[in-house]
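S.K.: Attaching a single structure in structure tokens format; questions to follow.
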Amino acid sequence: IKELSVVKRGSSPRPIDDPKYFDKNGEYAWTRIADATASDVYLTTATQRLSALGSSLSVKLEPESLFLSIAGTVGKPCIAGIKACIHDGFVYFPELKIPNKFLFYVFAGEQAYKGLGKFGTQLNLNTDTVGGIKIGCTTKHELEGIVDFLDHETAKIDTLIGKQHQLIILLKEKRQAVISHAVTKGLNPNVPMRDSGVEWLGEVPEQWGVSNMDYALRAIGDVDHYMPKSVEKGISYVMTGDLKELASSINFKGCKQVNHSDYLKLSKKIKSSRGDVIMARYATIGTVSYIDVDTDFLVSYSCVTIKPNLSKVVGLYLFYYFKSDAFLQGIQSQVNTNTQGNVGINDLKKIKVALPTLAEQSKIIEHLQSEIGKLDSISNRAQAAIALARDRRTALISAAVTGKIDVRNWQPQEPLGNKVAAA
């Protein structure tokens, strides 16, 4: 590559957090690694812009300039779609003698990096390693033909991926609707309804009770506001990030580990156990997980442990109710926004809950597990299709830029509709 262009590194004004280097109306965008990572081919947006002073101390790139990340998401290529400045976590190619889109595809094909990282270590790129990458070249005309081929074929794959993403979004919305309807309206569409008296609950089945959440709970609480030290192996420490929106249970193996002595000290107020529901009351407020295993673990102050009163509510039913639109609207009405948004334990106790009999709760749980299982199965297949399409995309790019497939005589197929119209 160094025979096709000098490879140079970006630069940053220092200290980078000085406000004088930034101006929301500045001519040049300030490109972070995250901005490049979030871009497909072209960088078109950035969260910050540099002032004239800031951009003068960085590296300015004009639209259509190719650059490559060498930190964070290492090896991510990007083409500037706007005027942008890059820091020293990127390299660029100011004298490139071949189409920049071809070199973009060389990097996107990932084969160029093979052997550059030592075994068992993270890939490490710099101007020398990038400049020393060997690539195959042919005439400019043929390189442009390869770019045209890849633009056309990857666009088709990207369209497929986009449709799968849209399907996943629709399945997520359907999942939410199924849960919300079941735990507020029940399963019988012909049952008499009555006004719950609660704006976000609306009408509920006539025989259901409506009460404060506290009525359905045996206990609700949190630990002291104290962050224990991490250890390599110990007791799982559950934080808000461990509660996943689309997962009902917690992956304890992925949690932070703390000493057993900290566990004993901090679990004196309330000890979490099987059948409980854990809820985030900071950050991702309202995200919940159901405890379906017998294991010792500690819940951080950012979460609360909710123990159901089993004579009134089944823990898994309560979990589903917490995921409903009705509950999420109720909890938002209690959010304390004086500082970081949070919900207090007393606020949670006041939120209304609509409860059927225990027998009907069990039927609703069975129904939801069946329906959600079907939706999740479709969603998993869509995720697998996306992964397969991405692998296909990478393999196609790699094959084209290394000459494994001959595209010299390739022509884009004319849509069938155009052929019929012409006839």
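S.K.: Contact list please: Cβ distance under 7 Å, first residue in region 15-36 and hydroxyl-bearing (Ser, Thr, Tyr), second residue open to solvent by 60 Å² or more (accessible area, probe 1.4 Å), pairs at least six apart or on different chains.
M.R.: Partner pairs satisfying both residue conditions: TYR21/LEU53; TYR28/ARG49; TYR28/LYS60; TYR28/LYS83.
S.K.: Residues in region 367-423 that are modelled with pLDDT of 95 or more, open to solvent by 50 Å² or more (accessible area, probe 1.4 Å) and either touching a His at 6+ places or on another chain (Cβ under 9 Å) or not in a helix (DSSP H, G or I) (or both): how many?
M.R.: 0
S.K.: From LYS268, LYS253, grab the single residue that is free of Cβ contacts under 8 Å to residues at least 24 places away in the same chain, in a loop (DSSP other than H, G, I, E, B) and either of a type in the set (A, V, I, L, M) or open to solvent by 40 Å² or more (accessible area, probe 1.4 Å) (or both).
M.R.: Exactly one of LYS268, LYS253 is free of Cβ contacts under 8 Å to residues at least 24 places away in the same chain, in a loop (DSSP other than H, G, I, E, B) and either of a type in the set (A, V, I, L, M) or open to solvent by 40 Å² or more (accessible area, probe 1.4 Å) (or both), namely LYS268.
S.K.: Scan region 9-40 residue by residue and report those that are touching a strand residue (DSSP E or B) at 6+ places or on another chain (Cβ under 6 Å) and under 28 Å from VAL401 (Cα atoms).
M.R.: Residues satisfying the conditions are ARG9, GLY10, THR31, ILE33, ALA36, SER39.
S.K.: If you don't mind, there's one more thing I want to ask. Would you mind stating whether ILE364 is farther than 30 Å from GLN164 by Cβ, at pLDDT 95 or above and not small (Gly, Ala, Ser)?
M.R.: yes
S.K.: Counting only residues that are at pLDDT below 85 and open to solvent by 70 Å² or more (accessible area, probe 1.4 Å), which one in region 320-345 is farthest from the chain's Cα centre (by Cα)?
M.R.: Per the stated criteria, the residue is ASN338.
S.K.: Ok, one more. Which of the strands (runs of 3 or more DSSP E) found entirely inside region 1-119 contain at least 1 residues meeting this: hydroxyl-bearing (Ser, Thr, Tyr), open to solvent by less than 40 Å² (accessible area, probe 1.4 Å) and under 28 Å from ASP158 (Cα atoms)?
M.R.: In region 1-119, 28-31, 66-69, 90-92 are the strands (runs of 3 or more DSSP E) which contain 1 or more residues that are hydroxyl-bearing (Ser, Thr, Tyr), open to solvent by less than 40 Å² (accessible area, probe 1.4 Å) and under 28 Å from ASP158 (Cα atoms).
The values are calculated or read from the model by the stated rules, or taken from the named source; none is laboratory data. Just so it is clear, the structure is predicted and the values come from calculations on it, not from any experiment. A quick note on method: Cβ atoms are made from the backbone with ideal geometry, for glycine too, and the neighbour counts reach across all protein chains shown. What goes into the accessible areas is simple: the full protein's heavy atoms, side chains included, and nothing from ligands, DNA or RNA. Shrake-Rupley method; radii C 1.70, N 1.55, O 1.52, S 1.80 Å.
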